[in-house]
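What follows is a set of notes on a single structure, which appears directly below.
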Amino acid sequence: MGFNLIDMVRERFTGNVVQQMGSALGEDPSTLTKALPGAIAAVGGSVVERGSTEAGAQRLMSQLNEGGYTGPDAGSEDALSPDTVERGQGMLNGLFGDKLGMLGSVLGRTGGFSNPKSASGLLAVVAPMVMGVIGKHVRDNRMSPSGLSQLLGSQRSLLSAAMPAGLGGILGTGGTGPRVVEEVHETRTVPSVETVRRQQPIERPPVHAEPRKQNLSWVIPVALLALLAGWFLTRGKREAPRREQATATQPAQPSRTEEPARPAPDDTGVGGAGTTGTRAPAVVQDAQAMRQAIDSGASSFILGGVNFDEGSAALTPQSDASVGQLASVLREKPDARVRIAGHTDSTGDPAANRQLAQRRAEAVRSALVEDGIPASRVDVAAVGSEKPVADNDTTQGRDMNRRIEVQMLSR
C-alpha cells in the first residue's frame, strides 16, 4: 500500500476523538469530519513546499528529529492532549505566517463552521498529527533528506486536489486538481504553422545591423565607465558583510578600533552589525557565542549572519544557519524568552522603515517557531531607524545600522 498522507492522518481522528473535539470547539462532529481533509491538505501542502528543496528537506528532517517525531513514540501522538494542541499552535505561524487569518477564514467558510476560530483550532490539532505521520514513515524506512523530499513530492497532487476552492491560491501551492490540468494543457499548446511563419522574419539580420557595428567605438568606452562606476558604488556593500563575518569569528582584532566613530550607545544596548563597542551588544553568530552571551547576563546581542533581500523581509538562504543556531540554544534553555528587535538605516520614510523592521523581526520569529520554539517565548519589536549606531551618511554606517537584535526577557 502506497503512502497517502491524508488517509493516514485521518485515521488518527477516530469517532471518539472527533466527538470530543466537537465539544471543545462547539462544532458539530460531522462538520469537523467534513472539514478534516481540507485542514490536512493545508498543513501538508505547506510542509511539502518547505521540503521541496534539498536545504528545505534538511531543515525539515532536523525539525522532525528534534521535535521527537522520529522517536519511539512517533505516530502515537494524542490529538486531545493540551501539549499537542500547544505545539500545534506554535507551528501554525511558522507554517502559514501572515496567511493564517485568510486560511482560517476560507477553511471555516467552506467547512461550514459556526465559529470562525474553530478552523484555527482544527489546524492546531492537525499540524502535530501530520508531522507525526511523516516522522514515523521517515523512521520506519530510515529515510534520508533526499528520500523525504521525494516522499513529500509524491503527495503534491493528492493534497492539491483535496484543498477547498481558494485555499491553494492563498498558500501558493496551486489550485484544485481540475484547474491544474487545464493550465498545463494551455502551457503546452503547439504553435501553428502560421505562427511560426510570422516569427521567422524576426530572426533575420536587421537592415541597420551595420550602423550598430560602426557605433561600437563609443558604446564600449561608455559601458566600461558605467561598470567602473557601479563597482565603486557597490564596493562598500560587498565589503561590509565580510567585515561582519570577520567580526563574528575573530572579535579581538585590534584593527576594529580604527573604524569611524559611532554615536555613544544608550542604556537600551544597541549595536551595529560588524563592530562591538564597549557597551553595545556583541555580534554573535555561532551557538557557543550565543550561550556565552546569555549565560554572562548580557541584556541583548546582535544576531550576526542574518540578512534580507533589499527592501523586503525575505530571509536570505545564508541566514538559516544563524537562526537555526539561535533556535538550538533556546531549545537548551526552556525558560528563556527573547524579543527580536528589527533595526533599519534612515533611508526612506521613517514609518515605512518601522513597518519593514516589524516584518523582518516577524520573519525571524516565524523561522524560530518553525524550528520548534513555542511562539509564546518569542516577542517582536520594530525599532526602525530610531536607534542608529553609525553614520547613516555612509554605506558602511547604513550596513551597521541594519541589524537584528536579540533581547533577553528571561533566562
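Things worth noting here:
- Portion, in percent, of the accessible area of the stretch 11-58 that falls on carbon or sulfur, probe 1.4 Å: 49
- Ranked by how many other beta carbons lie within 10 Å on average, peptides 401-409, 324-332, 37-45, 13-21 from highest: 37-45, 401-409, 324-332, 13-21
- For the stretch 268-411, the solvent-accessible area works out to 40 Å² per residue, with a probe of 1.4 Å and every protein chain left in place.
- Here the peptides 115-121, 132-138, 85-91 are ranked by packing, the mean other Cβ count within 10 Å, and the order with the highest first is 132-138, 85-91, 115-121.
- Area of Lys34 that stays accessible when all protein chains are in place (1.4 Å probe, Å², to 10): 140
- Solvent-free Debye calculation, one equal scatterer per alpha-carbon of the stretch 307-390: log10 I(q)/I(0) at 0.13, 0.20 Å⁻¹ equals -0.42, -0.89.
The values are calculated or read from the model by the stated rules, or taken from the named source; none is laboratory data. Owing to the predicted nature of the structure, the values given are computational and were not obtained by experimental measurement. For neighbour counting, all protein chains shown are included, and Cβ atoms are generated from backbone atoms with ideal geometry for every residue, glycine included. With ligands, DNA and RNA removed, areas are computed over all heavy atoms of the protein, side chains included. Shrake-Rupley method; radii C 1.70, N 1.55, O 1.52, S 1.80 Å.
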